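Every number here is computed from the coordinates shown, using simple stated rules; none is lab data. Being a predicted model, the structure only gives us computed values, none of them experimental. Cβ sites come from the backbone with ideal geometry, for glycine too, and all protein chains shown count toward neighbours.
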Amino acid sequence: MTASSESAWQRENYRYLIASLRRLRQILAHQANLSEESDGRAEDGIAPEEIAARMSAPPSVRTLVDLFGLTPFERDVILLCAGCELDAGFAQICGAAQGEDSPSFPTFRLALAVLPRSHWSALAPAGPLRTWHLIRLDGDDALTRQSLRIDERILHHLIGISHLDGALVARARSLSASDRLVASHAAIAREIGGALLRASREGSLPAVQLVGGEIGAKRDVAAAACANLGLKLYLMPASALPSEAYAREELLRRWEREYLLGDVALFLDADDDAKPDELPGVIARLVDVDTLVPRFISSRERRGPWQRPVLTFEIEKPSAAEQRTRWLGLLGDDGERLEGTVDQLVSQFNLSAPLIDAVYRGALGRLGAVSDDEGARAEQLGDALWDVCRREARPRLDSLAQRVESEVAWEDLILPPAQIESLRQIAAQVRQRHQVYETWGFRSKGNRGLGISALFSGPSGTGKTLAAEVLANELRLDLYRIDLSQVINKYVGETEKNLGRIFDAAEAGGAILLFDEADALFGHRADVKDSLDRFANVEVSYLLQKMEAYRGLAILTTNLKDSLDTAFARRLRFVVEFPFPSAAERARIWQRVFPPRLPTEGLNFAKLARLDLAGGAIRNIALNAAFLAADERQPVRMGHLLRAARREYVKLERPLNGADVRDWIDAGEPAIR
């Protein structure tokens, strides 16, 4: 109905209701020996049947009778209760009909006495009046003397106003269909709608389980399926389900009633396990119950099995082609100039359609003053899109790993040419994934082994973590260091769950994952001698699978290359050995370690390079020397560095060779004894 026709129907529906109440009012007046002239017609003399005949849709009283199978007596009981709510004079006559001390609301005793075709079964708990909570009994008196009150939702329905049951409003919220569905999700929505339509005709309605981490997409798919069926979808958190069986049954009955009155469907959100111990059982009882309500169960992982049939659909992120289409549709005229940038965005960031929309709006807001030159504008917009993508992909991973922020560049990395070349190849492969995998078709040969993984091995302090930071800055990606103490768990299966959460969270942004000292987790798979060995091997195998499937770059660092499992090493794309720096390389490290703004005086890098230390220890000495100089309000001199070097050697439990620092005496330091 249009808005105007709906308004006209509501007016006529209310006239029909009032005309129906006038008939009951006359019956009550006769019972109370009051003068009440009415023949059951409306105020303008039109009978209820005449009003109904010219209405565009049946009056709500009739739909209530049809939906719940009410007898004429049960219908009149509801109208009797409604009249007392709508008309103060009606309530007075009702009270008078029951006697001076009787309540103004009707009782079942009154209904049995005055209404035609009365029957006792109307008050039975299994009857429609109480089964569907159309009325409720108030008071502690005998059953037939308790006041009958119409349920608020039913009263509003009789008037012609449709709204969600008040008992459900606090637990649920409406989900509207969206126009942002990608083609694959729209196809799933159509499939779900067709399956539910066929099942409803056969009289058995299964629950629909939507699985995966794409929470927004699952809601959009369910809303689209319901829109195709003419249903209004409401979301209720699984945590809002009562634990008590009777309360849960009553809540489900109200949802069924709501479905009959307003064509609604229920979306049970179990993505956040607020009650991990109780939730599986509560959901199972909701799924297994025979109900009229179309039900969607949303969870990150597949649940079940259940006693009743359940339709299960995995909702994944849009494909690369769908993401690309979404980007180009948003960019409009800028799409042609930014087509290469879009390919890089799709290759690096695996985003849902709503998140792509949010990124685009965020990038436009970030631009500010835009150049009139189209090329410059496109470059600015491309940079803004990339930066906002990085920011939007962070939230889930920030709670699981430590983000490393650094501004180091290639010139800060002092390594032999072969190692530098290997690192540049890693960067090139990350940049060119779309060209090789998508444009040139390597992905069509299978998804296995498309992840880029690298092992950085070498003594502590030789630059492994620094190299990861350089790659992150070169590629303009986030670097996350994985805390192994938070990953490894002594309980069976927990380590795999932790790894799965990390890789799944990183997938959206293609972040660089850095597993420091990875040999602690990824060592040799043991010969199976007991159950603990078996589960340890499962952890290693699981990691191998996740790394092969991961879209981004995963870097493992180890001080002991030989401790890694050979099967694990075979699946690594790159293995980069970080050697202990030579004297010439140590001199270069000393030259690069001091910030430009640091005041220095009389530093001799050739003498400093004699210290047989890796880059990490050199940085520690430089930093400690800077603090010594600052405390003395002096520039950093060789003497400060010598004092810091002594402390570093003590920490490393190594002797400091006096010959290496003997000619540092002219810097003002006494000879080492």
Next on the checklist: So if I place +1 on the C-beta of Lys and Arg and -1 on the C-beta of Asp and Glu, and nothing else carries charge, what would the dipole magnitude of the chain be about its Cα centre? I want it in debye, nearest 20.
Outcome noted: 1400 debye
Checklist entry - Using unit Cβ charges (K, R positive; D, E negative) and no other charged atoms, how large, in debye to the nearest 20, is the dipole of segment 3-163 about its Cα centre? => result 360 debye
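So if I place +1 on the C-beta of Lys and Arg and -1 on the C-beta of Asp and Glu, and nothing else carries charge, what would the dipole magnitude of segment 52-126 be about its Cα centre? I want it in debye, nearest 20.
It comes to approximately 320 debye.
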Checklist entry - With θ set to phi - 60° and the Karplus curve 6.51 cos²θ - 1.76 cosθ + 1.60, what are the ³J(HN,Hα) couplings of segment 326-332 in order, to the nearest whole Hz, using x for Gly and Pro? => result 5, 4, 5, x, 6, 6, x
Checklist entry - Along the charge dipole of the chain, which of 487, 225, 91 sits closest to the positive end, that is, farthest toward it, with unit charges on the beta carbon of Lys, Arg, Asp and Glu (+1, +1, -1, -1)? => result 487
Checklist outcome for this item: Full extension between residue 659 and residue 379 adds, at 0.36 nm per residue less the Cα distance, a length in nm of 95.1 nm
Item to check | Principal axis dimensions, largest first and in whole angstrom, of segment 320-392 by Cα | outcome: 31, 23, 17
Next on the checklist: Apply the Karplus curve 6.51 cos²θ - 1.76 cosθ + 1.60, θ = phi - 60°, to the phi angles in segment 351-364 and return the couplings in whole Hz, x for Gly and Pro.
Outcome noted: 10, 6, 4, x, 6, 4, 4, 5, 5, 4, 5, x, 5, 5
Checklist entry - Per-residue HN-Hα couplings for segment 258-267, Karplus 6.51 cos²θ - 1.76 cosθ + 1.60 at θ = phi - 60°, whole Hz, x for Gly and Pro? => result 5, 4, 5, 7, x, 6, 10, 10, 10, 10
Checklist entry - So who's got an amide H within less than 5 Å of the one on residue 207, skipping anything under 5 residues away but keeping other chains? H placed 1.01 Å off N, in plane. => result 311
Item to check | Gap separating the Cα centres of segment 414-473 and segment 601-623, nearest whole Å | outcome: 30 Å
Checklist entry - Local charge sum around residue 179 (other residues, Cβ-Cβ under 13 Å, Lys/Arg +1, Asp/Glu -1)? => result 0
Checklist outcome for this item: So the angle from the long Cα axis of helix 464-475 to the longest Cα principal axis of the chain, reported in degrees to the nearest 10, equals 60 degrees
Next on the checklist: Need one word for segment 168-314: rounded, prolate or oblate. Basis is the Cα gyration tensor (sqrt eigenvalues a ≥ b ≥ c); a/c below 1.5 gives rounded, then a/b vs b/c decides.
Outcome noted: rounded
Next on the checklist: With 10 angstrom as the radius, rank 141, 383, 220 by how many other C-beta atoms surround their C-beta, starting from the fewest.
Outcome noted: 141, 383, 220
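Excluding residue 635 itself, what net charge comes from residues whose Cβ is under 13 Å from its Cβ, given Lys and Arg +1 and Asp and Glu -1?
Once all neighbours under 13 Å are counted, the net charge is 0.
Can you sort 269, 333 from fewest to most other Cβ atoms within 10 Å of each residue's own Cβ?
333, 269
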Checklist entry - Once both labels are modelled 7 Å past Cα along the beta-carbon direction, what's the residue 290-residue 183 spacing in nm? => result 4.3 nm
Checklist outcome for this item: Computed D for the chain, Stokes-Einstein, Kirkwood radius over alpha-carbon pairs, 37 °C, 0.692 mPa s, to the nearest µm² per second, is 104 µm²/s
Checklist outcome for this item: When 51, 150 are ranked with the fewest other C-beta atoms within 10 Å first, the list becomes 51, 150
Next on the checklist: Once each part is reduced to its C-alpha centroid, what is the distance from segment 81-139 to segment 317-341 in angstrom?
Outcome noted: 64 Å
Checklist entry - Of 317/497; 546/651; 464/607; 464/546; 218/546; 218/464, which pairs sit farther than 30 Å apart, going by alpha carbon to alpha carbon? => result 546/651; 218/464
Next on the checklist: Projecting each Cα onto the charge dipole of the chain (Lys/Arg +1, Asp/Glu -1 at the beta carbon, about the Cα centre), which of 629, 79, 401 comes out farthest on the positive side?
Outcome noted: 629
Item to check | Environment charge of residue 479, counting only residues whose C-beta is closer than 13 Å and scoring Lys/Arg +1, Asp/Glu -1 | outcome: -1
